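Novice: This is the structure I want to talk about, given as structure tokens.
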Amino acid sequence: MHSSFPKIIFSDHELALVEDEADIESFLYGLSEEQQQEAILLLATGQYVNLQGESVKALTDIELANRVTEHLAQEGVCCLSKVTRLTPTQAFAMLAD
């Protein structure tokens, strides 16, 4: 797996900004084997990889915005309705705040 951090990890309906390997392990702990196989990571470089470090299909800027804003809304962040597209850099910035 790629060693540079931070990364954003995605499962079916969850995501997290992870700062180290322990954060990844904590995120994966509650997931089934199948969910773990489908989990993907967004690297700070903008590349999407699976947990084995293999390249996977990238989310579109709209899909990324939907996933990030849904997560932030669940966290209680408001005023997200105007966010309809995000670059990877913007997604990292929003999750870091």
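The values are calculated or read from the model by the stated rules, or taken from the named source; none is laboratory data. Keep in mind the model is a prediction, meaning the values are calculated, not measured. Here the Cβ positions follow ideal geometry from the backbone for every residue, glycine too, while neighbour counts run over all protein chains shown. Side chains included, ligands, DNA and RNA excluded: accessible areas come from the protein's heavy atoms. Shrake-Rupley method; radii C 1.70, N 1.55, O 1.52, S 1.80 Å.
Novice: List the chymotrypsin sites (Phe, Trp or Tyr not before Pro) within region 8-97 that DSSP assigns to loop and that have no more than 16 neighbouring Cβ atoms inside 10 Å.
Specialist: The qualifying sites: there are none.
Novice: Each label point is 7 Å from the Cα along the Cα-to-Cβ direction; what then is the distance between the points at D12 and D61, in nm?
Specialist: 3.1
Novice: Under a Cβ-only charge scheme (Lys and Arg +1, Asp and Glu -1), can you give me the dipole magnitude of the chain about the Cα centre, in debye to the nearest 20?
Specialist: 520
Novice: I need the semi-axes of the equivalent ellipsoid of region 6-46: take the C-alpha gyration tensor, multiply each eigenvalue by 5, square-root it, list largest first in whole angstrom.
Specialist: Square roots of five times the eigenvalues give 16, 12, 7 Å.
Novice: Send over a whole-number figure in Å² for the accessible area per residue of the chain, probe 1.4 Å.
Specialist: So the chain comes to 61 Å² accessible per residue, rounded to a whole number.
Novice: How large, in percent, is the carbon and sulfur part of the accessible surface of the chain at a probe radius of 1.4 Å?
Specialist: The nonpolar share, carbon plus sulfur, comes to 50 percent.
Novice: Please give the net charge around Q74, taking every other residue with its beta carbon less than 13 angstrom from that of Q74, where Lys and Arg add +1 and Asp and Glu add -1.
Specialist: In short, -2.
Novice: Under 8 Å for C-alpha pairs, at least 6 residues apart: give me the relative contact order for region 1-62, rounded to a whole percent.
Specialist: 31
Novice: Here is a follow-up. Taking N as the number of residues in the chain, what is its Cα Rg relative to 2.2 N^0.38 Å?
Specialist: Relative to the rule-of-thumb radius for its length, the chain sits at 1.02.
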